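Working notes for the structure below.
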C-alpha cells in the first residue's frame, strides 16, 4: 500500500458545536485542547498523530478515531449512498495550543 503524505491524511477540520467546545481551552484550565478532523479512511492513528505534529508543530497526547458509514439517500425512485468517512479527535499535550486552523492550512 502506498504511504500517505501528511497533506493526504488530514482532509478538513470538523467544525461543529461539540468540536468548537473541545477546541476552546480557558486560560489556566485543566483540560487539554482537542482538535477534530475528517481524515483519510486508510489512515492509522500513528499516521494521524505524525500528520498533526508535522503540520501544526505541536505534541499529540492521544488520537481517537470514529468510522462513519455512508447514509442511504433517495431522490424519488433513485437510491444512492453518501460516502463513508473517518473522523479523528486529536488531544494535544498540556500546554500545547493551536489558535486557528485557517492560519496553518
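Each reported figure results from applying straightforward, stated rules to the coordinates on display, with no laboratory input. The structure displayed is predicted, hence computed values, not measured ones. When we count neighbours, we look across all protein chains shown, and the Cβ atoms used for this are built from the backbone with ideal geometry, even at glycine.
Miscellaneous remarks
- Treating r as the C-beta distance of residue 82 and residue 8 and R0 as 22 Å, the FRET efficiency rounds to 0.60.
- Relative to the dominant Cα principal axis of the chain, helix 45-56 is inclined by about 60°.
- When the alpha carbon gyration tensor of the chain is reduced to an equivalent ellipsoid, its three semi-axes come out at 28, 17, 11 angstrom, largest first.
- Förster radius 35 Å - calculated FRET efficiency between residue 73 and residue 97, Cβ distance, rounded to 0.05: 0.35
- Segment residue 20-residue 54, length gained on full extension (0.36 nm per residue, minus Cα span): 10.0 nm
- Here the contact order of the range 6-103, divided by its residue count and restricted to Cα pairs under 8 Å and six or more residues apart, works out to 32 percent.
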